[in-house]
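Report on the structure given below.
The values are calculated or read from the model by the stated rules, or taken from the named source; none is laboratory data. Source: prediction; values computed, not measured. Every residue, glycine among them, receives a Cβ derived from its backbone with ideal geometry; neighbour counts consider all protein chains shown. When the accessible area is computed, the model is the full protein with side chains, heavy atoms only, and any ligands, DNA or RNA have been set aside. Shrake-Rupley method; radii C 1.70, N 1.55, O 1.52, S 1.80 Å.
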Amino acid sequence: MSDLYSELIIKRKTPLTEQVIKSLMIAATAAFGFLYLMTIKWIFLLALVIMAAADYFLIPGFNLEYEYLYVNGELDIDKIMAKSRRKKVCSLDMKNLECMAPLQSHTLDSYKNNKNIKISDYSSGVKNERQYGMVMKDDHGLSLVIIEPDSIILNDIKRIAPRKVSTM
């Protein structure tokens, strides 16, 4: 028997708030550099070094990608920061799948309006027809996971749980 294996990388669109924060951080670093050069005060040098370090460590985290790796009924989602650091976000077993449907379908309305459900978004952040919601049952209750699978991953999940996956 062959293994079902698929992988997909989704680049997250940087939200406007993160773009503004990034611009403000760079502007503050430049301002402290300018102030230090004009006044030669040590406090501005210290602020410049702190801001440069903050820029170095925080700005790459704004560039995110999500990798979906589907193998034999298990979907692993990794977060890739600045194309250099990888962190495993979650592992979803399709045995715990309650239902899966397009995000804008009415199948998920009762779950989206539930206050006790945990919502995790691992999509590009752009509202489109490719976004799917997966309702998963675990030890802590229900969770809604938002992903953007391609047709291969979607068909593999549908093959494992045909009655729980809706494509309309």
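Side notes on the structure shown:
- Residue check, N116 in contact (Cβ under 8 Å) with a residue 24 or more places away in the chain, open to solvent by 50 Å² or more (accessible area, probe 1.4 Å), under 23 Å from A161 (Cα atoms) and over 20 Å from the mean Cα position of the chain (by Cα): no
- Residue that is modelled with the lowest pLDDT, among those in the stretch 119-132 that are over 13 Å from the mean Cα position of the chain (by Cα) and surrounded by 15 or more Cβ atoms within 10 Å (Cβ to Cβ): R130
- Count of the stretch 152-166 residues, restricted to those that are assigned to a loop (DSSP other than H, G, I, E, B) and closer than 19 Å to S6 by Cα, is 2.
- Selection count, the stretch 1-21, where residues are in a loop (DSSP other than H, G, I, E, B) and either farther than 27 Å from V89 by Cα or open to solvent by less than 100 Å² (accessible area, probe 1.4 Å) (or both): 6
- Qualifying positions in the stretch 137-163 - within 18 Å of Y111 (Cα to Cα), open to solvent by 10 Å² or more (accessible area, probe 1.4 Å) and modelled with pLDDT of 90 or more: K137, L142, S143, I146, R163
- Residue count for the stretch 109-151 satisfying the condition of being under 24 Å from D3 (Cβ atoms), touching a helix residue (DSSP H, G or I) at 6+ places or on another chain (Cβ under 8 Å) and not in a loop (DSSP other than H, G, I, E, B): 2.
- Scanning the stretch 1-55 for residues that are in contact with a helix residue (DSSP H, G or I) (Cβ under 8 Å, 6 or more places away or on another chain), more than 30 Å from I160 (Cα to Cα) and small (G, A, S) yields A28, G33, A47, A52, A54.
- Contact map, the stretch 53-82: residues that are touching a residue at least 40 places away in the same chain (Cβ under 8 Å) and more than 13 Å from R12 (Cα to Cα) paired with residues that are among the acidic types (D, E) and assigned to a strand (DSSP E or B), Cβ distance under 6 Å, separation 6+ or inter-chain. Pairs shown: L69/E7; L69/D76.
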